[in-house]
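Each remark here refers to the structure printed beneath this line.
The values are calculated or read from the model by the stated rules, or taken from the named source; none is laboratory data. What you see is a predicted model, and the numbers here were worked out from it, not measured in a lab. Neighbour counts are summed over all protein chains in view; Cβ atoms, including those assigned to glycine, are modelled from backbone coordinates with ideal geometry.
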Amino acid sequence: MIRLVATFYCFFILFPGLAQGEKDSVPLPQDTNTKLVLRTLDENLSEKYQGKEFNYDIKDGDSQNLLARFLNWVMNGLRNVFGIDIPPGITQLMEYLIYGLMGALAIYLLIRFLTGENASAIFRKKEAPAINLNLAEEHIESLDLDALISDAIQQKNYRLAIRYHHLKVLKTLSQHQIIEWHYEKTNQDYEKEIKVPETKLLFKDVSYLYDHIWYGEQEIDEFKYKAAQMKFVHLNNISTHG
């Protein structure tokens, strides 16, 4: 009995609140008289919003890096002085080009640091030994290089004559114990063995000529041959007379 009375009491307490809540709700008015009109975008919309101010891919002001700011400063100077209006895309292309050159320079310096030689050597065929392998180690002392040089000149084979001049330089340096000759060594190996700075510099110079003319298959005339010959003869004289 007590339980039933409590149930009715709770119902009458809550019911006025529910009824009041229903009275407080206000239905929204519905507009059934206004006609709906379908709106479309203007066909010339893309033309209206063209230009630098609507290109959000182009950074300017504080959002640019130092290189972009410098390029913009240069372009603005050209525009103000010469009246040249350069499109923003050209400036951005120049920025990418500069980045590419900087990357290439970094690679070049890294190669120089790691290998100690020019980066162009990576793209050239590897330097062959200073002497062909068919010349045995004992042959260089017995070769009459002066006669071979004379024969090559008579045949106007100046490229071959330069090769014999280079062999003669190696023979002279070896005879005076400036280098230790071996048919598998390269010019760079011999350069490291030379202690006298002047001799080392001259050897580096004639080795460059030899590599360029012989291994580079560069044909030369009599005039160019005589200019190169003087350097080989000068190195031989210095090596002989100390």
Residue set GLN229, GLN218; condition of a type outside the set (Asp, Glu), under 15 Å from ALA161 (Cα atoms) and crowded, with 16+ Cβ neighbours inside 10 Å; output residue GLN229
So, first residue in the same structural domain as HIS165 (by TED's automatic domain parsing) in region 215-240, second residue of a type in the set (Phe, Trp, Tyr), Cβ within less than 6 Å, six or more apart or across chains; the pairs are ILE220/TYR158; TYR225/TYR158
Subset of region 150-162, residues closer than 21 Å to ASN237 by Cβ, surrounded by fewer than 20 Cβ atoms within 10 Å (Cβ to Cβ) and not small (Gly, Ala, Ser), comes to ILE153
Expected single match for free of Cβ contacts under 8 Å to residues at least 24 places away in the same chain, within 18 Å of SER239 (Cα to Cα) and exposed (fewer than 13 other Cβ atoms within 10 Å of the Cβ) among LYS192, LYS200, LYS204 is LYS192
How many residues of region 142-177 are more than 26 Å from GLN188 (Cβ to Cβ) and in contact with a helix residue (DSSP H, G or I) (Cβ under 8 Å, 6 or more places away or on another chain)? The answer is 3
Within region 81-114, of all residues that are part of a helix (DSSP H, G or I), more than 16 Å from the chain's Cα centre (by Cα) and of a type in the set (Val, Ile, Thr), the one surrounded by the most Cβ atoms within 10 Å (Cβ to Cβ) is THR91
